[in-house]
Number of protein chains: 6
Amino acid sequence: MKHRIVRRIRRPTAEAVRALAGHGVATIHEAQGRTGLLQPYMRPIFASARVAGTAVTVSCHPGDNLMIHAAIEVCQPGDVLVVAPTSTSTDGMFGELLATSCVAHGIAGLVIDAGVRDIAELTALNFPVWSKAISAQGTVKASAGSVNIDLVCAATLVHPGDVVVGDQDGVVIVRREEALEVARMSAARVAKEEVTRKRLQAGELGVDFYGLRETLRTLGVEYVDEDHDG
Amino acid sequence: MKHRIVRRIRRPTAEAVRALAGHGVATIHEAQGRTGLLQPYMRPIFASARVAGTAVTVSCHPGDNLMIHAAIEVCQPGDVLVVAPTSTSTDGMFGELLATSCVAHGIAGLVIDAGVRDIAELTALNFPVWSKAISAQGTVKASAGSVNIDLVCAATLVHPGDVVVGDQDGVVIVRREEALEVARMSAARVAKEEVTRKRLQAGELGVDFYGLRETLRTLGVEYVDEDHDG
Amino acid sequence: MKHRIVRRIRRPTAEAVRALAGHGVATIHEAQGRTGLLQPYMRPIFASARVAGTAVTVSCHPGDNLMIHAAIEVCQPGDVLVVAPTSTSTDGMFGELLATSCVAHGIAGLVIDAGVRDIAELTALNFPVWSKAISAQGTVKASAGSVNIDLVCAATLVHPGDVVVGDQDGVVIVRREEALEVARMSAARVAKEEVTRKRLQAGELGVDFYGLRETLRTLGVEYVDEDHDG
Amino acid sequence: MKHRIVRRIRRPTAEAVRALAGHGVATIHEAQGRTGLLQPYMRPIFASARVAGTAVTVSCHPGDNLMIHAAIEVCQPGDVLVVAPTSTSTDGMFGELLATSCVAHGIAGLVIDAGVRDIAELTALNFPVWSKAISAQGTVKASAGSVNIDLVCAATLVHPGDVVVGDQDGVVIVRREEALEVARMSAARVAKEEVTRKRLQAGELGVDFYGLRETLRTLGVEYVDEDHDG
Amino acid sequence: MKHRIVRRIRRPTAEAVRALAGHGVATIHEAQGRTGLLQPYMRPIFASARVAGTAVTVSCHPGDNLMIHAAIEVCQPGDVLVVAPTSTSTDGMFGELLATSCVAHGIAGLVIDAGVRDIAELTALNFPVWSKAISAQGTVKASAGSVNIDLVCAATLVHPGDVVVGDQDGVVIVRREEALEVARMSAARVAKEEVTRKRLQAGELGVDFYGLRETLRTLGVEYVDEDHDG
Amino acid sequence: MKHRIVRRIRRPTAEAVRALAGHGVATIHEAQGRTGLLQPYMRPIFASARVAGTAVTVSCHPGDNLMIHAAIEVCQPGDVLVVAPTSTSTDGMFGELLATSCVAHGIAGLVIDAGVRDIAELTALNFPVWSKAISAQGTVKASAGSVNIDLVCAATLVHPGDVVVGDQDGVVIVRREEALEVARMSAARVAKEEVTRKRLQAGELGVDFYGLRETLRTLGVEYVDEDHDG
């Protein structure tokens, strides 16, 4: 229960991260059984934001970004900071100077269940961020927290070393030890969807393609030609 | 009270839809007496989204998109899907594959009081969507619902066959039987606003143009030169 | 306690406004001791929106924009309308015609703790607006209110004549009598940050640059090499 | 599209209202196929609040209670006022004086998608209210609206003359013409639940009683003795 | 812009506070022209909570209650603590030990735009609290703030020395210098309402009593006997 | 990633649960380093609700309570059901019949990040529930989920077998393996607070008792006698 900074974490292989980087958040979320998705209030600060990297987790006091500074030291190139305050906050805990430091250390992006600021500058730096809010509200550097512990960010459990993938649809977390397998299943899903897409493009109906007519019948959904009450 | 899919609905004339398509949501909402507007949490997924078409309504179980598949079959080119779950949900009930199917069948757009996903792909398809949320959260195809019944979407009553107009300001519903008349009143409003705009551009004040000085006097609003307490 | 329209307010010098216009919202908020920021739900309607000007304040009944019309008359070029309803509302109290009138009178922008509409047209006019909501919901012109009184907008106190600065990070209010001093402190802050930025770009860590190692030690934050529980 | 006050509405029989009054909101909602429920943000102002009566509907401008005054005149003993503002509001549109007037005219309760005030007094009067908010915020009597039109209250369609039932679980609307049938189905449901209750009290499991073991098997849910990963 | 604790504030007379204590929040809010009301999310932690006293204001860092401790020293018997964090927070910044200290110093109550905890104990102490949230989340004592400065609490401006009145309907602030006059106007309003109440109890309609028939006519609201469309 | 029901979990000792049952949620949360608290939107359905027991966790599809039925079978007397849907929902997934079954099997209470219904009946049964919402909205029994897996409930990680403590302040989770130690630290905290309480009751100030004068000085908080600007 003490606050601590864990220097070394197990990371996924570069191959696993690269494989996941090729897929969208929705695909990965489906491929791993509809788990790992952060709450939809987590939105990218610019439309082209996209990231796949290794989670370095940061637990902060609300309104205090001391531990983000501490976390940068233990990051490696390609890591993604995943920050959660210990209680709800929209304060702008991260801005252009921290982003500059992240870029200098090769950090690939930020996922933060709080606010960020300097949006114009972060966009110019092309530093991808998913956050709960945009807020210029400043923070202090005064309270203890932890780096690289298991934490809950936007209602999802994140372990240090998990893979974080973010795009316009949101953010999904993949367990480190499942990363390669999830990438494989994502690729399989994409291949299968390619077939589906072609048939739907050709005008085949989903009720036929997915075999849903039987489901509708079993559920007692009735077809009527016109609604005479309407 | 049984779940049903109504195959045939009365549609407005193409002329009525075209006439309404020429006007903005705010204009139409005003022209029909400030009614028919969906709650402002309904936002377009890309800035240039714009639609006018006939409502095909879909009532779904939350987290279940079975009935959207069933609805596509009864759509005609130019229809707009209007989807509402039976209780509050932000799940991503609609994505790129469903959009592909919609495009194949000439469906003009989607209004959904829930979430959507595959935002990058929907934008690339230029398929206009207004939704409550963006979420990659996947859904099942397991529960009964209805197509083409009267339903409440984002706090507004929608009948199958009503006209749906969406733009950056939101979404407005026009009753089928009033569509032509509302289009006519919208055009009249636009013409009148053109006059107003010119006079305001020339520097005439709203308090003069709209005759509000008398209103202010009647309400007892006082003019003071300076505020000596301030 | 009577409703009133104050015709003359003390304005900051053009020099003070110009000086503040050169700085971002986050910088100014920090420079004046982390005060004056409006709630983060206040968002610009387009990404390039940016304003610095003098506050003309407007207190309205919810769903009623009578007093905005009255306020335009007492504005001078460079003023920014700051509008707050007397109770929570998302109605679209401001649209293209009011914006046209604002532009005609040189008004520099709008900050409104309610809704706006005609987003496409306001964007085309390049008229910057920060609002709580986008909504086509129309309003009446029927209820008394006041212009140029002290009011609370988005949880922040605004006096007529205060300087309003808005950008992508939100909106900050600077007291008229402190404007020059805050501009000076903002410039100092920017100069100082330029140094910080260079050292962070060069890879220096925040924990070293800001001297946070001692803080971490004092707070009892422990460094561990690996987490054997994880 | 004109504002109007409809003096005479078709009411359900006293027998139908009485029959529904004997059942809880959850039972009635289930009995009529899980429809008619108002959004769960509608809460009673005191725990013992309970009502069943005929809906007299009121559409108001936000922050304006003129039409509630107008509605009282067209009410009959046993009616329930169902009030919805034309846009979102939490203002206290109803208080002790209006409640006094309601009591004098035999009105049975209030359902309002906005705020109420004078909670202590309303509780002392034992006048049941379901509302979105408690707020002392006063309102004006200045804007047009309608009485006894179809409206959407808390996301549910209400017709004048529908039956309104409220208790601690919320508020449900029953179509006038279906009231007796829904009461009958509610009674059947209660009778059936009595049997279920006895068997569950005796320790029978829901998975057996409802035959869910097969469902679980079909869905592929696996039983494991211990979780060796946990 | 420095953090400070102001030891001496001007207080209203005991007579003014006593006079206001005799009236409800809704009455006072109306009597002073519908101003001074805190946002309706501020709720009492127990139903019988009621307070009238002098505001001692406290501006805190979110998640930090250091300044509440500092404020108690400068309070006098009958004062009410009015606490606002510098950014949004629901943390439980106040609990039983702080309440014990308040009671020891004769402090009459607490109004806090954040969370409180130890609800059972505060209720047993009969210490009235209005808060935004109930949360056990603990806070630190590490960040600077101010006591007895003007601040915005729940969207309303509060000066040290203003009168704070709270009941089941919420919390209202009365300017110190207007306290006696507002009390007088509240009493006048109560007297007038007594007459209104008697006439409404006797069955007189609000539309007649308030002379609203003319308003309805002017607004073009039409009476119809039956709705033949319905 | 398959759905599963884990029949056997490791439970804390009865002694550990009993020891924690003697302490409030706020005390336990503090004693274990301000961790384990569920979001403050989780509220008890009646004021006297209080529980301490072993977590049996349930992961459900939103709007579907199949897995709650499945979970009851694997519960032991004294267990507390901890239910989280896979996406946000307020549906009433639990009511009187399920509570009857829970009581029959000795289940001590329910913590559910969704809605409950039959509030009057649950209160009569004295069955303690903490929920996100009260809603009569019915659910189906159609979708797969899991029992006794690690899950996130109201933003907090819960393992099967953890201790759940709930009271008026909310809900806190204690790791099974830390239960005895946390109980011991809670008791120590209570003993220490007893001393604090006595000194505060005697009028000693928190700034003295906690030694905060030095903190205030270090932070640069200034004492001034009167505020000459105010």
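The values are calculated or read from the model by the stated rules, or taken from the named source; none is laboratory data. As the structure is a prediction and not an experimental result, all values here were calculated from the model. Here the Cβ positions follow ideal geometry from the backbone for every residue, glycine too, while neighbour counts run over all protein chains shown. In case anyone asks, the SASA skips ligands and DNA or RNA and just uses the protein heavy atoms, side chains included. Shrake-Rupley method; radii C 1.70, N 1.55, O 1.52, S 1.80 Å.
The spacing between segment D:151-183 and segment A:112-155, judged by their C-alpha centroids, is 46 Å. Take residue E:79: with every protein chain present and a 1.4 Å probe, its accessible area is about 0 Å².
Using C-alpha pairs below 8 Å separated by at least 6 residues, the relative contact order for segment F:149-226 is 13 percent. The portion of the accessible surface of segment C:74-181 made up by carbon and sulfur, rounded to a whole percent, is 49 (1.4 Å probe; DNA, RNA and ligands excluded).
Averaged per residue, segment D:14-185 has 26 square angstrom of accessible surface, using a 1.4 angstrom probe with ligands and nucleic acids left out. With the convex hull drawn around the C-alpha atoms of segment F:42-195, the volume per residue stands at 103 Å³.
What does the helix-only formula give at 222 nm for the protein assembly as shown: each DSSP H stretch with n ≥ 4 adding -39500 (n - 2.57), the total divided by the residues, and the result rounded to the nearest 500 deg cm²/dmol?
-9000 deg cm²/dmol
Of the residues E:200, E:81, E:37, the one that moves most in a GNM of chain E with alpha-carbon contacts below 10 Å is E:200. Pairing chains D and E buries close to 3300 square angstrom of accessible surface in total, based on protein heavy atoms and a 1.4 angstrom probe. Site pair residue A:48 and residue F:126 shows an inter-label distance of 6.6 nm when each label is modelled 7 Å from Cα along Cα→Cβ. Here nothing in chain D passes the span test, since no DSSP H helix has an alpha carbon length of 24 Å or more along the helix axis and a Kyte-Doolittle mean of 1.6 or above. For residue C:211, the point set 7 Å out from Cα toward Cβ sits 2.2, 7.1, 7.1, 7.2, 7.6 nm from its twins in the other copies, listed from shortest up. Label zone (residue A:218, point 7 Å along Cα-to-C-beta; backbone nitrogen cut-off 19 Å) within segment B:58-96: B:61-71.
Per-residue surface analysis assigns residue F:41 an accessible area of about 90 Å², computed on protein heavy atoms at 1.4 Å probe radius.
Histogrammed with a bin width of 5 Å, the alpha carbon distances of segment B:1-84 distribute as 3, 11, 18, 23, 21, 15, 8, 1 percent, first bin at zero. When only the Cβ of Lys, Arg, Asp and Glu is charged (+1, +1, -1, -1), the dipole of the protein assembly as shown relative to its Cα centre reaches about 0 debye.
Suppose every Lys and Arg Cβ carries +1 and every Asp and Glu Cβ carries -1, with no other charges. What dipole size does chain C come out with about its Cα centre, to the nearest 20 debye?
Magnitude of the dipole: close to 1140 debye.
Based on alpha-carbon atoms, the Kirkwood radius and the radius of gyration of segment D:109-230 give Rg/Rh equal to 1.17.
Rg and Dmax of segment F:191-230, both derived from C-alpha coordinates alone, stand at 14.2, 45 Å. With both residues required to sit in the protein assembly as shown, DSSP beta bridges show an antiparallel share near 45%.
A point 7 Å from Cα along Cα→Cβ stands in for residue A:7, and the other copies hold the same point at 4.8, 5.1, 7.4, 7.4, 8.9 nm, listed in rising order. Put simply, the C-alpha atoms of the protein assembly as shown give a gyration tensor, and the ellipsoid matching it has half-axes of 41, 41, 35 Å, longest first. Distances between equivalent label points of residue C:184 across the copies, with each point positioned 7 Å along Cα→Cβ, amount to 4.7, 6.1, 6.8, 6.8, 8.6 nm, shortest listed first.
The GNM of chain A, with springs linking C-alpha atoms under 10 angstrom apart, assigns the highest mean-square fluctuation among A:138, A:33, A:206 to A:206.
Computed from Cα atoms alone, the Kirkwood hydrodynamic radius reported for segment A:87-150 is 12.3 Å.
Between B:16, B:202, B:154, the Gaussian network model of chain B with springs among Cα atoms under 10 angstrom shows the greatest mean-square fluctuation at B:202. Basic side chains Lys and Arg get +1 at the Cβ, acidic Asp and Glu get -1 at the Cβ, and with that the dipole of segment C:136-199 about its Cα centre reaches some 260 debye.
Calculate how many DSSP beta bridges within segment C:14-185 are antiparallel, expressed in % of all such bridges and rounded to the nearest 5.
About 50 percent, rounded to the nearest 5.
Note: relative contact order over segment C:14-185, using C-alpha pairs below 8 Å and six or more positions apart, is 35 percent.
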